[in-house]
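First the structure, in the form of structure tokens, and then the observations on it.
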Amino acid sequence: MKLSIRHRIEYHYDRPVFLQPHVFRLRPRSEPALHLLRFTLDLHPQPAVRAEHLDLHGNTVTEAWFDAMTTALVVESRSVVETMPDNPFAFLLAEPDRTLPEPYGARLAAALSSCRRVQNAVHPQVREMAAAVGSAVQWRPERFPLALAMHLHRTVATEVRESATLRPSEMTLALGRGSGADVAALFVDGCQAAGLAARFVAGYYVDPEAEAGADGSWQLHAWGEVYLPGGGWRGYDPVSGLAISGSHIAIAVGGDADEAAPLSGTCLGGTASVLEASLEIQPLGGE
């Protein structure tokens, strides 16, 4: 299926500001079940210098430096992607005798260290939840992520929150509700509590049974990826309770939500700003 995506982000300031260097992570990631056919990124004001590079997590990012005052920052990305059906379970686990919380050999564990945490660094309530899920799946690393995603889908309600600041995972767990990003962060923490390497993903979810909002727009989505030996990075969506299989379009991954933010940067001057965002996803027939 081919999809046209238009993602627009606007910041309006109460007085002229000077934009510090900004990083934009809006380019859909090509992968075996998803091909990026076209991508453009328009910025206003025009930056004095603009460059693209791969960051630590393999995201293709655009970095921009500005040299003039402005009362607005307008960012618009346009993409055309082609998605294909994918079987998320089509892999063979390497070293199948390994169980949680030590699913990796020494070399692989060292390479994945930036996406793993000492278990005691995870809040006790999150560790307790992870232990219950782990016990239910006999501590099998290939079964744990989906079981956790399904558990969170059943027990944590998704809500729309005005604040973009993530709640601590233990608060999301205790309240039994959170934004999609809150639930994704809880999933990542739960996987790390079980000994798995996990990271946060931001992107788009094309739910065939969902409808766009009243204004015709969709919402940015978030989920998690877990590294399974023999399977590589595999995506799991705790909001929908699914293993990812072709309906998710990643634009950024990171060790946490900040590293996967579609846009990051600051400005000098001004006392208030207004954020407006819209996301349109349309199927392309016959292209």
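The values are calculated or read from the model by the stated rules, or taken from the named source; none is laboratory data. The shown structure was predicted, so the numbers you read here are calculated from the model rather than taken from an experiment. Every residue, glycine among them, receives a Cβ derived from its backbone with ideal geometry; neighbour counts consider all protein chains shown.
With respect to the numbered conditions (1) touching a residue at least 60 places away in the same chain (Cβ under 8 Å); (2) farther than 17 Å from Leu186 by Cβ; (3) part of a helix (DSSP H, G or I); (4) more than 23 Å from the chain's Cα centre (by Cα), which one is the sole condition not fulfilled by Ser114?
Of (1) touching a residue at least 60 places away in the same chain (Cβ under 8 Å); (2) farther than 17 Å from Leu186 by Cβ; (3) part of a helix (DSSP H, G or I); (4) more than 23 Å from the chain's Cα centre (by Cα), only one is false for Ser114: (4).
Go through the stretch 242-287 residue by residue and tally those that are of a type in the set (Val, Ile, Thr), assigned to a loop (DSSP other than H, G, I, E, B) and surrounded by fewer than 15 Cβ atoms within 10 Å (Cβ to Cβ). Step through it out loud before you land on a result.
We begin by selecting, within the stretch 242-287, every residue of a type in the set (Val, Ile, Thr); these are 244, 249, 251, 253, 266, 271, 274, 281.
Still in the running and assigned to a loop (DSSP other than H, G, I, E, B): 244, 266, 271.
Keeping just the survivors that are surrounded by fewer than 15 Cβ atoms within 10 Å (Cβ to Cβ) gives 266, 271.
Final tally of qualifying residues: 2.
For the stretch 126-146, which positions are surrounded by 15 or more Cβ atoms within 10 Å (Cβ to Cβ) and of a type outside the set (D, E, K, R)?
Answer for the stretch 126-146, where residues must be surrounded by 15 or more Cβ atoms within 10 Å (Cβ to Cβ) and of a type outside the set (D, E, K, R): Val126, Met129, Ala130, Ala131, Val133, Gly134, Val137, Trp139, Pro141, Phe144, Pro145, Leu146.
Of a type in the set (S, T, N, Q), within 21 Å of Glu225 (Cβ to Cβ), crowded, with 16+ Cβ neighbours inside 10 Å and in contact (Cβ under 8 Å) with a residue 60 or more places away in the chain - does that describe any residue in the stretch 1-9?
First, the residues of the stretch 1-9 that are of a type in the set (S, T, N, Q): 4.
Going one step further and asking which of them are within 21 Å of Glu225 (Cβ to Cβ), we end up with none.
Scanning the stretch 1-9 turns up no residue that is of a type in the set (S, T, N, Q), within 21 Å of Glu225 (Cβ to Cβ), crowded, with 16+ Cβ neighbours inside 10 Å and in contact (Cβ under 8 Å) with a residue 60 or more places away in the chain.
Only residues that are surrounded by fewer than 16 Cβ atoms within 10 Å (Cβ to Cβ), more than 20 Å from the chain's Cα centre (by Cα) and among the aliphatic types (A, V, I, L, M): list them for the stretch 38-56, please.
Across the stretch 38-56, the qualifying residues are Ala48, Val49, Ala51.
Is it the case that Ala130 is of a type in the set (A, V, I, L, M), within 20 Å of the chain's Cα centre (by Cα) and closer than 21 Å to Ile244 by Cα?
For Ala130, the condition - of a type in the set (A, V, I, L, M), within 20 Å of the chain's Cα centre (by Cα) and closer than 21 Å to Ile244 by Cα - is not met.
Let me confirm something: among Val80, Val74, which residue is closer than 23 Å to Ser247 by Cα, surrounded by 15 or more Cβ atoms within 10 Å (Cβ to Cβ) and either in contact (Cβ under 8 Å) with a residue 60 or more places away in the chain or not aliphatic (A, V, I, L, M) (or both)? I'd like the intermediate steps shown before the answer.
Values: Val74 fails: closer than 23 Å to Ser247 by Cα.
Result: Val80 is the single residue among Val80, Val74 that is closer than 23 Å to Ser247 by Cα, surrounded by 15 or more Cβ atoms within 10 Å (Cβ to Cβ) and either in contact (Cβ under 8 Å) with a residue 60 or more places away in the chain or not aliphatic (A, V, I, L, M) (or both).
Restricting the search to the stretch 223-266, which residues are at negative phi and touching a Ser or Thr at 6+ places or on another chain (Cβ under 8 Å)?
Passing the criteria: Val239, Ser247, Ile249, Gly255, Asp258.
Confirm whether Val156 is surrounded by 15 or more Cβ atoms within 10 Å (Cβ to Cβ), without any contact (Cβ under 8 Å) to a residue 24 or more places away in the chain and assigned by TED's automatic domain parsing to the domain that holds Trp233. Outline the logic, then answer.
On the way: surrounded by 15 or more Cβ atoms within 10 Å (Cβ to Cβ): yes; without any contact (Cβ under 8 Å) to a residue 24 or more places away in the chain: no; assigned by TED's automatic domain parsing to the domain that holds Trp233: yes.
For Val156, the condition - surrounded by 15 or more Cβ atoms within 10 Å (Cβ to Cβ), without any contact (Cβ under 8 Å) to a residue 24 or more places away in the chain and assigned by TED's automatic domain parsing to the domain that holds Trp233 - is not met.
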